[in-house]
Amino acid sequence: MTQKADVVVIGGGPGGYEAAIRAAQLGLSVICIERRIHKGKPALGGTCLNVGCIPSKALLDSSHKYHDLKAGYAKHGIQFGEVSIDIAAMQARKDKVVDTLTGGIAGLLKGNGITWLQGSGKLLAGKRVEFTPHEGEIEVIEAGSVILASGSKPIEIPVAPLVDDLIVDSTGALEFTSVPARLGVIGAGVIGLELGSVWSRLGSEVVVLEALDVFLAAADRAIAKETQKTLTKQGLDIRLSARVTGAKVVDGKVHVTYQDAAGEHSEVFDRLIVAVGRRPVTAGLLSVDSGVSLDERGFVHVDGQCRASVPGVYAIGDLVRGPMLAHKAMEEGVMAAELIAGHHARFNYDLVISVIYTHPEVAWVGLSEERAKAEGFDVKTGQFAFAVNGRALAADDNAGFVKFVADSKTDRLLGMHVIGPGAGDMIHQGLIAMEFGASVEDLQLMCFAHPTLSEVVHEAALAVDGRAIHAIQRKRK
Ligand code: FAD
Ligand code: AMP
């Protein structure tokens, strides 16, 4: 039997399912092929909902609550008894959050008239897609257009092969059934820091081994420095210039060797998380004659609007260049669907927000001070701390600061950088301002509500011109 559809989407992660929904909204017939089986059940939502953004945030929130309670509320005048932890219950709550959301996506596809085929898709020549169901016969679907959205998977390194629940990738690190006394993490990227924080808050002694000599290389240096200081104070032992050279299990313990400037070192951990990055999933996705080419790093090659090398074939999300982030995948999915429907569509790759969901959160959008200078801008900056913000003090959550980077010639905002309470939400103020081409003065002239955390945004904008009210500023204007 040959099925036909205006659009076939391969992959039902955030990129794929959003592309499918938008295409259906635009009146196209859509098939979405997703093969994931999560905890015994077919599941939509991809890495993000099943083993990425959502379960990690569920554990970050649970572990934060536990850590907060453990630290005590005596100064708030709140007393309570012994605080204890039930990891099985914490994991069950996380699983329920995942189930609710993945079930919701299934409902959204159904409600939009999208056919979800459970199994694997492969692009053949001529915009035909071979579908191999989990059970039953292989069939070929004729597609008007195809959106490839097969996502990514954790990189495995030969020096640290995975072993059961002892040497694990990010997926395994979301499933620990007990708190390891000593936990090693390879890689101080976003995933390593978030997962390291979860288990550190729950009581693990955490050592993070990072090969690079700079911490959070993509972040503004002021933010990276403050983040490293804060996480170290929280108990994460972050060792830079530490390249792991071997990891193996001996008598139930993980023995790790690493190299730094001082020579070879060894450590023994109860568990080890390998968080050294992710790579695109292309195995089995393309027939040899599909005509779709990959770039030198193994990503599907696309133009600025996600068109692959075959007309009518698009590729989005973690499968293509750019940051591996769910919101980037989602917007690319929407863009691809709109282009297929004949609409005008664009995506502003200059303004993709980065968030690290530690506590405090870390977030940025646009150019760092260093990047702006490297691009030739005559840069001015302003910074303001949460330390003296009334709302942050009232909440006893007042670490960090907001920093703006602007062009001193035009006053245009170039970047916003936050470490502090609610940074992941607060950063959208910078996104909106920059999307509208705001100047620093635009922010300075606005009336921010009092008392709010956002007043720090206002003060940071004022600080760019030496006008912050709740600070003694040396600059005068
Ligand atoms: P995926 O979500 O990987 O989905 C692709 C889907 O395609 C998969 O479900 C796969 O089963 C399916 N598939 C693959 N090949 C085929 C095939 N041939 N046939 C059928 N189906 C196929 N991003 C954020 O923005 N914020 C976060 O806080 C965040 N936290 C993260 C935490 C962790 C621990 C991890 C691992 C990732 C996190 N990410 C986060 C990254 C985010 O999950 C990814 O960027 C996002 O899921 C990419 O979406 P995608 O649709 O491109 O691919
Ligand atoms: P990210 O790509 O942001 O998820 O971060 C992964 C991090 O892992 C990068 O900063 C890499 O430098 C780091 N990394 C990769 N291989 C090793 C290794 N063998 N030892 C230590 N760190 C590593």
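The values are calculated or read from the model by the stated rules, or taken from the named source; none is laboratory data. All figures in this text were calculated on a predicted structure; none of them were measured in a lab. Glycine also receives a Cβ, built like all others from the backbone with ideal geometry; neighbour counts cover every protein chain displayed. Side chains included, ligands, DNA and RNA excluded: accessible areas come from the protein's heavy atoms. Shrake-Rupley method; radii C 1.70, N 1.55, O 1.52, S 1.80 Å.
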Residue list for the range 66-123, restricted to those being under 28 Å from S204 (Cα atoms) and open to solvent by less than 40 Å² (accessible area, probe 1.4 Å):
Y66, G72, V83, I87, M90, Q91, K94, V98
The condition of being open to solvent by less than 50 Å² (accessible area, probe 1.4 Å), farther than 25 Å from G203 by Cβ and assigned by TED's automatic domain parsing to the domain that holds R321 holds, among G263, G298, only for G298
Of the criteria (1) within 16 Å of K39 (Cβ to Cβ); (2) within 16 Å of ligand 2 (Cβ to nearest atom); (3) of a type outside the set (K, R), which one P55 fails:
(2)
Among the residues of the range 399-414, are any within 20 Å of V365 (Cβ to Cβ), under 27 Å from the mean Cα position of the chain (by Cα) and assigned to a loop (DSSP other than H, G, I, E, B)?
yes
Specify which of the listed residues (K110, K122) is part of a helix (DSSP H, G or I), assigned by TED's automatic domain parsing to the domain that holds A58 and at pLDDT 95 or above.
K110
Which one of these is closer than 24 Å to P55 by Cα, more than 16 Å from ligand 1 (Cβ to nearest atom) and under 22 Å from the mean Cα position of the chain (by Cα): L231, L272, L193?
L231
Note: among R412, R474, just one is farther than 23 Å from L351 by Cβ and either modelled with pLDDT of 95 or more or surrounded by fewer than 18 Cβ atoms within 10 Å (Cβ to Cβ) (or both), namely R474
Under 21 Å from the mean Cα position of the chain (by Cα), assigned by TED's automatic domain parsing to the domain that holds D289, outside any loop (DSSP other than H, G, I, E, B) and without any contact (Cβ under 8 Å) to a residue 60 or more places away in the chain, is that true of D61?
yes
So S290, is it hydroxyl-bearing (S, T, Y), open to solvent by 50 Å² or more (accessible area, probe 1.4 Å) and either more than 10 Å from ligand 1 (Cβ to nearest atom) or at pLDDT 95 or above (or both)
no
Just checking, does the range 355-364 include any residue being more than 28 Å from R467 (Cβ to Cβ), among the polar types (S, T, N, Q) and either buried (at least 20 other Cβ atoms within 10 Å of the Cβ) or out of contact with any Phe, Trp or Tyr (no Cβ under 8 Å at 6 or more places or on another chain) (or both)?
yes
Quick check on my filter: what residues within the range 144-203 are over 26 Å from L216 (Cβ atoms) and either part of a strand (DSSP E or B) or of a type in the set (D, E, K, R) (or both)?
G144, S145, V146, I147, L148, V163, D164, D165, E175
So which of R371, R391, R346 ends up being open to solvent by 10 Å² or more (accessible area, probe 1.4 Å) and assigned to a loop (DSSP other than H, G, I, E, B)?
R346
Taking the condition surrounded by fewer than 14 Cβ atoms within 10 Å (Cβ to Cβ), outside the structural domain of G312 (by TED's automatic domain parsing) and either over 18 Å from A160 (Cβ atoms) or not acidic (D, E) (or both), does A224 pass?
no
Going through the range 238-254 one residue at a time, which ones are in contact with a strand residue (DSSP E or B) (Cβ under 7 Å, 6 or more places away or on another chain) and either of a type outside the set (D, E, K, R) or open to solvent by 60 Å² or more (accessible area, probe 1.4 Å) (or both)?
I238, S241, A242, R243, V244, T245, G246, A247, K248, V249, K253, V254
